[in-house]
1. Which of the residues that make up segment 1-45 are among the hydrophobic types (A, V, I, L, M, F, W, C) and touching a residue at least 24 places away in the same chain (Cβ under 8 Å)?
2. Does segment 203-219 hold any residues that are part of a strand (DSSP E or B) and either of a type outside the set (S, T, N, Q) or within 18 Å of GLY325 (Cβ to Cβ) (or both), and which are they?
3. Look through segment 339-366, keep the residues that are more than 26 Å from LYS150 (Cβ to Cβ) and in contact (Cβ under 8 Å) with a residue 40 or more places away in the chain, and return whichever of them is most open to solvent (accessible area, probe 1.4 Å).
4. Tell me which residues, restricted to segment 160-170, are under 14 Å from the mean Cα position of the chain (by Cα) and in contact (Cβ under 8 Å) with a residue 12 or more places away in the chain.
5. Kindly indicate whether any position in segment 229-238 is in contact (Cβ under 8 Å) with a residue 24 or more places away in the chain, within 18 Å of PHE61 (Cα to Cα) and crowded, with 22+ Cβ neighbours inside 10 Å.
6. Write out, first by first residue and then by second, each pair whose Cβ atoms fall under 8 Å of each other, whose residues are 6+ apart or on separate chains, and whose first residue, in segment 65-80, is open to solvent by less than 50 Å² (accessible area, probe 1.4 Å) while the second is of a type outside the set (A, V, I, L, M, F, W, C) and in a loop (DSSP other than H, G, I, E, B).
7. Go through (1) among the polar types (S, T, N, Q); (2) free of Cβ contacts under 8 Å to residues at least 12 places away in the same chain; (3) not in a helix (DSSP H, G or I) one by one and return the number of the condition ASN198 breaks.
Amino acid sequence: MGLLNTVNHNFTQNFFEKGDFNPLIGEIYNENKNQNFENPNQNLDSTNLGAVHLIEFVPPFFKLKFNASKGRLSSFKYTYFKGFMCDLSTSKTLEDYMSTQLGKKKKKVVLSRLRRLETCFNIEYKTFYGDISDEECDDLMDAFKTMIIKRFDQRGDIHSSLKAWDFYKEEAANLIRKKKACLFVIYNDNKPISISLNFLCNDIFESAISSYEIDYAKFGLGNIIVLKKIEWCLANGYNIFNMRYGDYPYKRVWCNTVFLYDSYVVYKKSIGKLIRAFVVLKKNQAITYAILNKDKFKALAGFRNKLKGDIKSNNNEEHVNQLKGPVFRELNDYNEADYKNLTPVDIKGEEFTFLRKPIFDLQYIQASKTEDMLAFKIDDNTYLAKNTKINKCFLLELA
């Protein structure tokens, strides 16, 4: 084994999602509840003891005591990436938490979008906790995966959870029935448009994976499903709503606690392994610094590219413009006689999926219901939308 090679363990995923207790760990102490978890798996073998281990993403309210059954294990500890959570212990209701954390302006925006969503569509919220059939869970997980792929294709990225999707799909129903996990789902006309998979341990709610149908982006589904999960946590005695690692603006809005995950380099005490573990520590600290300061490096690279006249510096702006997509514009000189022979189209069908987002955006702006909106095809590149309630028409030109 090379000097820098380690056996890597993601504590958060292993403990909260799989219920795995690493044999290197003898006990876990939960500071928030003054509670010990004793490891039932104390079997250390020569493979465990012969390697240097890296245990990452340990929440700071969990203190680890290492297994001493076969000699002393030593460790180096360092802080890792930022984590984001909502401490709900001082809030009695969702209203309390939102007023304190979001403030008047942001709270108004979130609630306004919630009302707009419920006005425009036939919305239903459902939490699967303690009971779900295998068939329904499989269908939801398949829809969930499709949402994630579409959302991250839009961003030009790949969601890390897809690497372990077989585990999530195979185990979700069983964990839900054991009340170790739950699925939050937002439906429009019985079709899921936002899904979130979460894991539960004592009073800790681990918000693991969430996604939504990108056609509904205007309605802020990401914030709405967070709102619904916090409401559920408060009603069911979960004081910690952990949104985990990854620094995103919406987490900054909702979370009242930013913390640093702990990371441990663990080894069996000896001079040779001490040296290896120290080198691993320094390597990972350097990697962590580079990741946490990537924006500085990007800025430096961008400045260098500008000096070289590199035209690629506009790529991000172009990508943002592409994500905006086509929009309908109002026809001020609409004459119904000119359009009476147009072909109606059904945006629920696969052939016209590209019309969903621009029409949903229209609904958002006008607070109009789905049943009030009609769509027509003029030609392959031109479409008409009509709001029958206010008798206005809108034109979309694709090219």
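1. MET1, LEU3, LEU4, VAL7, PHE11, PHE15, PHE16, LEU24, ILE25, ILE28, LEU44
2. Looking only at segment 203-219, we keep the residues that are part of a strand (DSSP E or B), and these are 204-212.
Of everything in segment 203-219, those that are part of a strand (DSSP E or B) and either of a type outside the set (S, T, N, Q) or within 18 Å of GLY325 (Cβ to Cβ) (or both) turn out to be ILE204, PHE205, GLU206, ALA208, ILE209, TYR212.
3. Per the criteria, the residue is TYR339.
4. Taking segment 160-170 and keeping what is under 14 Å from the mean Cα position of the chain (by Cα), we get 160-162.
The answer is SER161, LEU162.
5. Within segment 229-238, one or more residues are in contact (Cβ under 8 Å) with a residue 24 or more places away in the chain, within 18 Å of PHE61 (Cα to Cα) and crowded, with 22+ Cβ neighbours inside 10 Å.
6. As it stands, the answer is ASN67/PRO23; ASN67/ASN39; ASN67/GLN42; GLY71/LYS269; LEU73/ASN67; LEU73/LYS269; SER74/LYS269, since those pairs meet every condition given.
7. (2)
The values are calculated or read from the model by the stated rules, or taken from the named source; none is laboratory data. The model shown is predicted, which means the values in this text are computed figures rather than measured ones. Here Cβ is always computed from backbone atoms with ideal geometry, including for glycine, and neighbour counts include all displayed protein chains. Remember, those area values only see protein heavy atoms, side chains included, never the ligands or the DNA or RNA. Shrake-Rupley method; radii C 1.70, N 1.55, O 1.52, S 1.80 Å.
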